[in-house]
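Coordinate-derived values only; no laboratory data. None of these values were measured; they are calculated from a predicted model. Virtual Cβ from ideal backbone geometry, glycine too; neighbours counted across all protein chains shown.
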Amino acid sequence: MTAAIDIMNYAPLIAPGLSGPEFQYDEFQIMITTTFKAMVRDGKVTTMWGNVIPADGKVEADPTLDVEGAIAKMDAAGYDVAVLACMKMWSADRHHKMIIDWPEEVAAEAVAKAGDRFVGGVGYNPFRIDDSLRRVETFVRDHGFRYVYVHPMTFGVAPNDRRMYPLYAKCTELGVPVGFQVGHSAEVLPSEVGRPMYVDEVAREFPDLKINMSHTGWPWTAEFCSTIWRHPNVYGDISAYFPSTLDPELIQFMDRQGRNKILFGTNGLDMARVKEDFESLPLKDSTKERVLRHNALEFLGL
């Protein structure tokens, strides 16, 4: 069986206690009554990394590392590499402040301890451009991070917004790929800015920058496939969904035009279940190997 690369996991994989405080905010409170309702059991929330918190999210973030536990989980589920994205999320409509700000320093410790198993992913805040660019440079040059992940829709910002362009220039200079969510937001946050077609302009203006459109682009699946197909530097991952629930158009595209461009990821969902679900898809074996592993090797330059 092919050892998988999880292109889309997060810092709580190696420090589960980082996740939890975000559930105090309205966006997450609404989410656990709608799109993520299954996370609630007996009045408590089980985060995607297994820690149980009160449904109101009244907990403090805990950056304690459990690198060994993360590696054991990966080994049991058949993964040899996982990206640790340090996501930044802003409350675009309600609170106008950060609701997630996972620190790169925590991921850097895991990379230092087990750099063959983890890829550091720097976050980016388009409202704090200078500070963010300094952190991108520091963690790429000094700590060996190989990826930058952005969640622009929470800021109400599209991929082709002018506030994203300094990041693209910096990533091109450093030779690291960039990824960001496209498609709708599971939280009650701006979604229209997540249309994959907004990436068209970026791909044309930064042809040397590798771009990952994360989370399938649904409900704009055709735009997602079209943008990947047309641009040599654009990839897309299928994280945040169990593969058997993917749009049939995307599954067909993955086995044909997109077989060298689709990346595999979990978004923190159960790693074993996501991989098993993917392996059950009616895809060519060669496609499964490309998507589970080889496309990510090429995308990340591993």
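Couplings for the range 2-18, taken from phi via the Karplus curve 6.51 cos²θ - 1.76 cosθ + 1.60 with θ = phi - 60°, read 6, 6, 8, 10, 8, 6, 9, 10, 9, 3, x, 4, 9, 8, x, x, 5 Hz in order; Gly and Pro are left as x. Taken along its three principal axes, the alpha carbon spread of the chain comes to 46, 42, 38 Å, from the longest extent down to the shortest. In order along the range 34-50, the phi-based Karplus estimate (6.51 cos²θ - 1.76 cosθ + 1.60, θ = phi - 60°) of 3J(HN,Hα) comes to 10, 5, 10, 4, 5, 6, 9, 9, 6, x, 10, 10, 9, 5, 5, 9, x Hz; Gly and Pro are listed as x.
Sorting the Cα pairs of the range 30-150 by distance into bins of 10 Å, from 0 upward, gives 12, 35, 36, 17, 1 percent per bin. Under 1.5 on a/c is rounded, so check that first for the range 172-258, then, if it is not, pick prolate when a/b is larger than b/c and oblate when it is not; a ≥ b ≥ c are the square roots of the alpha carbon gyration tensor eigenvalues. Note, shape of the range 172-258 comes out oblate. The listed peptides 145-155, 27-37, ordered by packing as a protection proxy, come out as 145-155, 27-37 (highest mean of other Cβ atoms within 10 Å first). Overall form of the range 247-299: oblate. Here a/c, set by the Cα gyration tensor axes a ≥ b ≥ c, is 1.5 or more, and a/b is not larger than b/c. Calculated mean residue ellipticity at 222 nm for the chain: -8500 deg cm²/dmol, from DSSP H runs with n ≥ 4 weighted as -39500 (n - 2.57), summed, divided by the residue count and rounded to 500.
For the range 54-156, applying the loop criterion from DSSP together with a ceiling of 13 other beta carbons within 10 Å to the GluC sites (Glu not before Pro) yields Glu60. Less than 5 angstrom separates the built amide H of Val119 from those of Ala82, Val83, Leu84, all sequence-distant by 5 or more or on a different chain.
Pair-distance distribution P(r) for the range 111-174, from all Cα-Cα distances in 10 Å bins starting at 0: 22, 52, 22, 5 percent. Give me the net charge of His184's neighbourhood, meaning all other residues with Cβ under 14 Å from the Cβ of His184; Lys, Arg count +1, Asp, Glu -1. So the environment of His184 carries a net charge of -4. Would the range 106-221 count as rounded, prolate or oblate if I go by the C-alpha gyration tensor, calling it rounded below 1.5 in a/c and otherwise prolate when a/b exceeds b/c, oblate otherwise? It is prolate, given that a/c is not under 1.5 and a/b is the larger ratio. Amide H to amide H, with H built 1.01 Å from N, Asn212 comes under 5 Å of Val178, Gly179, Phe180, Tyr235, counting only residues 5 or more places away or on other chains. Taking the square roots of five times each eigenvalue of the Cα gyration tensor of the range 17-95, the equivalent ellipsoid has semi-axes of 25, 15, 13 Å, listed largest first. Charge dipole of the chain (Cα centre as origin; +1 on each Lys and Arg Cβ, -1 on each Asp and Glu Cβ, all else neutral): 420 debye, rounded to the nearest 20.
In order along the range 283-288, the Karplus-derived 3J(HN,Hα) couplings, from 6.51 cos²θ - 1.76 cosθ + 1.60 at θ = phi - 60°, round to 10, 4, 4, 5, 5, 4 Hz, and Gly and Pro are given as x. Highest mean packing comes first when the peptides 276-282, 122-128 are listed by Cβ atoms within 10 Å, giving 122-128, 276-282. Take 253-264, 209-220 and order them by the average number of nearby Cβ atoms within 10 Å per residue, most first; the result is 209-220, 253-264.
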